[in-house]
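Notes to accompany the following structure.
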Amino acid sequence: MLLLVLPGRAAHHAADVPPLDGLWKGPLQMPGGKLEVIFRLVKLSSGEYFANLDVPLQKASHLAVTVETRADTVIFTSAEADSRYVGRLSADGQTMQGVWRQTGFQVPLTLTHSALPVEAAVAATKSRFAPPYREEEIAFPNPVANLQLAGVLTVPAGPGPFPAVALLSDEGPHDRNGTASGFGPLGQLADYLTRRGVAVLRFDDRGTGHSTGPAPATPAALVSDAQAALAYLRQRPEVDAAHLGLIGMGEGSNVALLAAAQPLPPAFLVGLSAYGEPGTSLAMQQREATLRAQKVDPKILAASLKRQQQMLEVIRQTVVKSQAQTIVATILKQDSTGLSPAAAQARAAALVTTRYRDFLKFDPTETLASVNCPVLLLYGADDAFLNPDTNLEALLKGLKNNKLATGRKFPGVNHSFQAARSQWPIVGGEAHPIFSPAAEEDIRVWIVEQTKK
């Protein structure tokens, strides 16, 4: 579970304060009986704490908590619970004596420390605390592409019906969590939203996990997968079919936008790191960013970018694949004189595929005039894959007639929507990436706004 540590409310730990990692439990005396409250803390690499609050008897779980320390005084604040606890830490760091305050109410409360189980700590970084919601392994057909997609539907506790979203992964085949380099942003986002009242369907991409079909596929082809997911959700009694949306990551955002321009569109969509410029422009941006990071001499950089542009045009325009491969291999050798002929041919073969050619030709703005549903476009300011400003500007320009389209950026967030490294929890001595808590909450709030319309 991912929780928001608000800017300006970070913990400042004195050198003599013992680490607070773990569970802090205590009996809260209320009119008519006692309630056990449980604070769960995991220390981040920045020295702040990743924290949340459970009140099991009230079926409240994973409420966001901020943590402050002042010498031996510890302050837990939860805006979601409208509560604040101020306690004094014992010398051995195992208990806190303090006062719990809510509007018009305060009572003494003693908290006792216990270690956070290792498996629970690891689960925290993977959105896998024992969830207070229903999980169901599901499969649904895509009759257009004649394939079967498999995934998991998570439904909030209660009778419903609930607003719902289907999640769409970034470019290339991914599992249902959108996992890349050990980080599964879609799984973490699904957990966050489901805990807060939104049903979520996430599924293995075609040809991945338990889903059938060829992979990879173009954005246009993947639209039918998104439509099949929406059709499945419309059949579920727990889902409010009037408030059914799509959330895409990277290329998945563009798939969502394409689906929104078709019949039976989603009621709303969220695009994370959506492409706004044609593939050729993105490829040039990536090449330039790589060279600048290597601190290449400006003259060499300019010459390399010119060759890159020439190569991309060859890939886009040359119909005969073998001919294109030969020309591209020659350009690659010019750009890297130490590249062997065999290596140049192998690299060229990977660049002249139909999939990459389609990527270069893809213009994300072509169908935007037909998108009429509410659209939220979010970007990480530290995106190294694309320029968040130019891509957001291009999409909003294409959506200029849609008064329900908006966008924003998050500082310290990258293309995969990982939070700044200073917010990552430390588990087993290692920092584990998490989905940006600020972005998660923005998405939740925006979806709630759409359900009121």
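A few remarks follow.
- Test result for VAL371, surrounded by 14 or more Cβ atoms within 10 Å (Cβ to Cβ), at pLDDT 85 or above and outside the structural domain of ILE247 (by TED's automatic domain parsing): no
- For LYS295, the conditions (1) surrounded by fewer than 23 Cβ atoms within 10 Å (Cβ to Cβ); (2) in the same structural domain as LEU149 (by TED's automatic domain parsing) all hold with the exception of (2).
- Note on the stretch 221-256: residues that are over 18 Å from VAL375 (Cα atoms) and touching a residue at least 60 places away in the same chain (Cβ under 8 Å) total 13.
- Listed by first and then second residue, the pairs linking a residue in the stretch 167-195 that is within 19 Å of GLY271 (Cβ to Cβ) to a residue that is β-branched (Val, Ile, Thr) and in a loop (DSSP other than H, G, I, E, B), with Cβ atoms under 7 Å apart and 6 or more places separating them unless they lie on different chains, are HIS174/THR208; GLN188/ILE434.
- Take the conditions (1) buried (at least 21 other Cβ atoms within 10 Å of the Cβ); (2) assigned to a loop (DSSP other than H, G, I, E, B); ILE443 misses just one of them, which is (2).
- Selection count, the stretch 379-391, where residues are surrounded by 21 or more Cβ atoms within 10 Å (Cβ to Cβ) and more than 15 Å from GLU251 (Cβ to Cβ): 2
- Criterion (farther than 20 Å from ASP358 by Cα and of a type in the set (A, V, I, L, M)) met by exactly one of ILE315, ILE327, ILE300: ILE300
- Yes/no for PRO131 being more than 26 Å from the chain's Cα centre (by Cα) and either closer than 27 Å to ARG234 by Cα or modelled with pLDDT under 85 (or both): no
- Count - residues of the stretch 312-330 that are surrounded by fewer than 18 Cβ atoms within 10 Å (Cβ to Cβ) and under 14 Å from ALA283 (Cβ atoms): 2
- Selection status of ALA274, assigned by TED's automatic domain parsing to the domain that holds GLY412 and in contact with a helix residue (DSSP H, G or I) (Cβ under 7 Å, 6 or more places away or on another chain): yes
- Count of the stretch 186-220 residues which are in a loop (DSSP other than H, G, I, E, B) and of a type in the set (Val, Ile, Thr): 4
- Residues of the stretch 154-179 classified as more than 15 Å from LEU272 (Cα to Cα) and surrounded by 18 or more Cβ atoms within 10 Å (Cβ to Cβ), total: 9
- Residue among ALA289, ALA302, ALA283, ALA267 that alone is over 18 Å from GLY398 (Cβ atoms) and at pLDDT 95 or above: ALA267
- Search result, residues across the stretch 27-58 that are at pLDDT 80 or above and either among the basic types (Lys, Arg) or not assigned by TED's automatic domain parsing to the domain that holds GLY87 (or both): LYS34, ARG40
- If the condition is being closer than 17 Å to THR390 by Cα and touching a residue at least 40 places away in the same chain (Cβ under 8 Å), then the stretch 408-432 contributes only HIS415.
- Positions within the stretch 319-342 being in contact (Cβ under 8 Å) with a residue 24 or more places away in the chain and among the polar types (S, T, N, Q), in sequence order: GLN325, GLN334
The values are calculated or read from the model by the stated rules, or taken from the named source; none is laboratory data. Predicted model, so just to flag it, every value in this text is computed and none were measured. Here Cβ is always computed from backbone atoms with ideal geometry, including for glycine, and neighbour counts include all displayed protein chains.
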